[in-house]
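J.: Quick one: this structure, given as structure tokens, is what I'll be asking you about.
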Amino acid sequence: MSEDTSFLFSGLHFDRKKFAKDFSRFKEKENSDDLIENLSLVEVEKEEEKKVSTKKRKRNAAVSETVEGFTVFKNSKSASVENEQAKKESSQEKKKLNRQLEQDAIFRKKYNIHVSGNNVPCPLQNFTELSSRYGCRSKLLRNLAELGFKEPTPIQRQAIPVLLSGRDCFACAPTGSGKTLAFVCPMLMKLKHPSRDGIRAVILCPTRELACQSIRECKKMAKGYKFRIKLMTKELVRQNDLSNFFCDVLISTPLRLRLAVRKKKMDLSRVEYLVLDESDKLFELESLMIKQIDSIVKACTNPSIILSLFSATLPDYVEEIARTKMHDAVRVIIGRKNTATETVKQKLIFTGSEEGKLIALRQSFAESLNPPVLIFLQSKERAKELYAELSVANIRVDVIHSDLSQMQRENAVDDFRAGKTWVLIATDVIARGMDFKGVNCVINYDFPDSAAAYIHRIGRSGRAGRRGEAITFYTEQDIPFLRNIANAMAASGCEVPSWALTLPKLRWKEHRPRRDSISTNQENYGETSQR
Ligand SMILES: Nc1ncnc2c1ncn2[C@@H]1O[C@H](COP(=O)(O)OP(=O)(O)OP(=O)(O)O)[C@@H](O)[C@H]1O
């Protein structure tokens, strides 16, 4: 090489012995004959260095040693040893990851957990993992133990890690399978401690009854914490200015929260955690709720908000709408989507006419009235009529519908929970989410208006692994709509008359036909049907 290359090493002291080979390459050449050889050597060297440096760039940090302020890359020999080491490490990493993925797949199969999405977190093996993996405080674990929750349910095993890792989540799991805890537990862990910094978490429920129940469940799980957990009540909405209102958790129906945001300047910009419970009900097309949900989600402007949807039925259109509001969401389905729980024995009874229903009801009560029993009808008028009929019999019966005051509705639910009421006659106002321990039987006195309504109604029974029963009366006018219910029954492992599965499948929106009146004793009707 003709030019002087000593500047390359000026200011550095090299151990000539150690680097003799390298020095030999850069030494002055006597004649040009070797120039070509020398150039080619230099090119080879450069090529080698180029390969080494690109490989190194691919690694997290090039291994180097500093000599007097200069970083000197190791020579190619130690670099290739390094590469070998790095390759071995990364293949070990890869093997470990694959082993973990395999274990997760086996575990999810065991609990019928189906997931989709990027990098889905490992499911929980047990509740103690909440503290070992996520640093959960002992207080929360103690509360779970006090509530008698020994093992996480399948939906909790998967939805909790997803939400704790800050991912948006769609969760569809059977009725009575613990979805409430699946979103409350990670919410409390994410909130960590009380704060006066605005409204931090919001849970939206389709009915006031469910909102009241959710706040009760929340407070049980937050025992010992000082979280401000508030219900959006009529009184709260009546306050003039809510712009400075703050709490850790706010539970509301969409209508009330939208009112508070639009009319009373309630600020949702710091909400970090938003849960849409019974989400398919909230997103029901042509319902006012879907517009209310839209304005609430828009008001939650926190870019790092965690949005989750929970329900036992999650139609595809709900996912499509929600995906426009979610980012990189994880989908968690337990069992088969939109199917009834397998813990409820289901029966269809043909009663011919409306009159036949009352006879069939009296007969089933005479044979085996096994309270508590829930009876669903398609309207409040019909609920009142049946209440009039049954309240004369010596059965402790009550009724709940939207014509009652808030207090009357709460009393009806509390009395039924407490066992004071044996038979509760209801409209669909309590068909979803309501958790009554040990309802032995649900009677669909009027045919449900959709397969989803059927799944949610009968899901008031057979909860938390308990067994239950569901009886569905149907008349001539219900037969065209029978196929969907028969499918839901068959999908949850129930015996269904084969002819029912051959009926034409109808894409029905709502089935609430006009029906003959129930009341047979007109003179009693006026006295006892004040409810
Ligand atoms: N890990 C658990 N172990 C035992 N019981 C549990 C567990 N988690 C929840 N439960 C109980 O299971 C019952 C049903 O829970 P929850 O109401 O959350 O069900 P859900 O899936 O929300 O039902 P729905 O779809 O009807 O709303 C409740 O009584 C609750 O206390």
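The values are calculated or read from the model by the stated rules, or taken from the named source; none is laboratory data. Predicted, not measured: the structure shown is a model, and the values here were computed from it. Neighbour counts are summed over all protein chains in view; Cβ atoms, including those assigned to glycine, are modelled from backbone coordinates with ideal geometry.
J.: Return the residues of segment 231-245 that are closer than 20 Å to Val297 by Cβ and either modelled with pLDDT of 95 or more or in contact with an Asp or Glu (Cβ under 9 Å, 6 or more places away or on another chain) (or both); say none if nothing qualifies.
T.: Matches in segment 231-245: Met232, Leu242, Ser243, Phe245.
J.: All but one of (1) surrounded by 19 or more Cβ atoms within 10 Å (Cβ to Cβ); (2) farther than 23 Å from Ile430 by Cβ; (3) not hydroxyl-bearing (Ser, Thr, Tyr) hold for Arg238; state the number of the condition that does not hold.
T.: It is condition (1) that Arg238 fails.
J.: If you don't mind, another one. Residue check: is Arg463 touching a His at 6+ places or on another chain (Cβ under 8 Å), within 16 Å of the ligand (Cβ to nearest atom) and assigned to a loop (DSSP other than H, G, I, E, B)?
T.: Judged against the criteria, Arg463 is not a match.
J.: While we're looking at this one, here's another question. Would you mind finding the one in Asn338, Asn394, Asn370, Asn411 that is at positive phi and polar (S, T, N, Q)?
T.: One residue alone meets the criteria, Asn338.
J.: I need the full set of residues from segment 273-294 which are assigned to a helix (DSSP H, G or I) and within 16 Å of the ligand (Cβ to nearest atom), in order please.
T.: Listed by number, the residues that qualify are Ser279, Asp280, Lys281, Leu282.
J.: Checking Leu506 against (1) among the aliphatic types (A, V, I, L, M); (2) surrounded by 14 or more Cβ atoms within 10 Å (Cβ to Cβ); (3) at pLDDT below 90, only one condition comes out false. Which one?
T.: Of the numbered conditions (1) among the aliphatic types (A, V, I, L, M); (2) surrounded by 14 or more Cβ atoms within 10 Å (Cβ to Cβ); (3) at pLDDT below 90, the odd one out for Leu506 is (2).
J.: Quickly run through segment 80-105 and pick out the residues that are among the hydrophobic types (A, V, I, L, M, F, W, C) and in contact with a Lys or Arg (Cβ under 7 Å, 6 or more places away or on another chain).
T.: Passing the criteria: only Ala86.
J.: Collect the residues in segment 334-350 that are of a type in the set (Val, Ile, Thr), buried (at least 20 other Cβ atoms within 10 Å of the Cβ) and touching a Phe, Trp or Tyr at 6+ places or on another chain (Cβ under 8 Å), keeping them in residue-number order.
T.: Ile334
J.: Another question, if that's okay. Filtering segment 194-226 down to residues that are surrounded by fewer than 22 Cβ atoms within 10 Å (Cβ to Cβ) and among the basic types (Lys, Arg), which residue is farthest from the ligand (Cβ to nearest atom)?
T.: Arg196
J.: Tell me which helices (runs of 4 or more DSSP H) are completely within segment 376-459 and hold 1 or more residues being aliphatic (A, V, I, L, M), touching a helix residue (DSSP H, G or I) at 6+ places or on another chain (Cβ under 8 Å) and within 25 Å of Glu284 (Cβ to Cβ), or say none if there are none.
T.: 406-418, 451-458
J.: Return the only residue of Leu144, Leu130 being in contact (Cβ under 8 Å) with a residue 60 or more places away in the chain and hydrophobic (A, V, I, L, M, F, W, C).
T.: None of the others qualify; the one that does is Leu144.
J.: Sort out which residues of segment 122-138 are buried (at least 18 other Cβ atoms within 10 Å of the Cβ) and part of a loop (DSSP other than H, G, I, E, B), and write them in order of number.
T.: Pro123, Leu124, Phe127, Cys136
J.: Of everything in segment 489-506, what is assigned to a loop (DSSP other than H, G, I, E, B), over 33 Å from the mean Cα position of the chain (by Cα) and closer than 14 Å to Lys347 by Cα? Give them in sequence order.
T.: Once the filter is applied, which keeps residues that are assigned to a loop (DSSP other than H, G, I, E, B), over 33 Å from the mean Cα position of the chain (by Cα) and closer than 14 Å to Lys347 by Cα, segment 489-506 yields only Pro497.
J.: Being more than 17 Å from the chain's Cα centre (by Cα), away from the ligand (no atom under 16 Å from the Cβ) and on the phi > 0 side of the Ramachandran plot: is that true of Gly166 here?
T.: no
J.: May I ask you to list the residues in segment 175-193 that are under 12 Å from the mean Cα position of the chain (by Cα) and more than 7 Å from the ligand (Cβ to nearest atom)?
T.: Ala182, Phe183, Val184, Cys185, Pro186, Met187
J.: Applying the selection to segment 295-317, what residues are surrounded by fewer than 16 Cβ atoms within 10 Å (Cβ to Cβ) and either in a helix (DSSP H, G or I) or over 19 Å from the mean Cα position of the chain (by Cα) (or both)?
T.: Listed by number, the residues that qualify are Ser295, Lys298, Thr301, Asn302, Pro303, Asp316, Tyr317.
J.: Let me ask something additional. Answer yes or no as to whether Ser252 is within 16 Å of the ligand (Cβ to nearest atom) and of a type in the set (Gly, Ala, Ser).
T.: Here the answer is no, as Ser252 does not meet what is asked.
J.: Cβ-Cβ distance below 9 Å, separation of 6 or more or different chains: which pairs start in segment 355-374 with a residue that is of a type in the set (D, E, K, R) and end on one that is surrounded by fewer than 14 Cβ atoms within 10 Å (Cβ to Cβ)?
T.: The qualifying pairs are Glu355/Asp516; Glu355/Thr520; Arg362/Ala393.
J.: Within segment 318-327, which residues are within 16 Å of the ligand (Cβ to nearest atom) and either outside any helix (DSSP H, G or I) or over 15 Å from Ile290 (Cα atoms) (or both)?
T.: Within segment 318-327, no residue meets the criteria.
J.: Is it the case that segment 318-325 has a residue that's over 22 Å from Cys441 (Cβ atoms) and crowded, with 20+ Cβ neighbours inside 10 Å?
T.: Checked against the condition, which is being over 22 Å from Cys441 (Cβ atoms) and crowded, with 20+ Cβ neighbours inside 10 Å, segment 318-325 yields at least one hit.
J.: Follow-up. With the condition kept exactly as written, say whether any residue in segment 301-309 is farther than 22 Å from Val442 by Cα, at pLDDT 95 or above and within 16 Å of the ligand (Cβ to nearest atom).
T.: yes
J.: Out of Ile458, Ile443, which single residue is touching a Leu at 6+ places or on another chain (Cβ under 9 Å) and farther than 24 Å from Ile215 by Cβ?
T.: Exactly one of Ile458, Ile443 is touching a Leu at 6+ places or on another chain (Cβ under 9 Å) and farther than 24 Å from Ile215 by Cβ, namely Ile443.
J.: Can I ask one more? Please find, within segment 113-162, the residue that is farthest from the ligand (Cβ to nearest atom) out of those that are in contact with a Pro (Cβ under 7 Å, 6 or more places away or on another chain) and under 11 Å from Val332 (Cβ atoms).
T.: Ranking the qualifying residues of segment 113-162, first place goes to Pro121.
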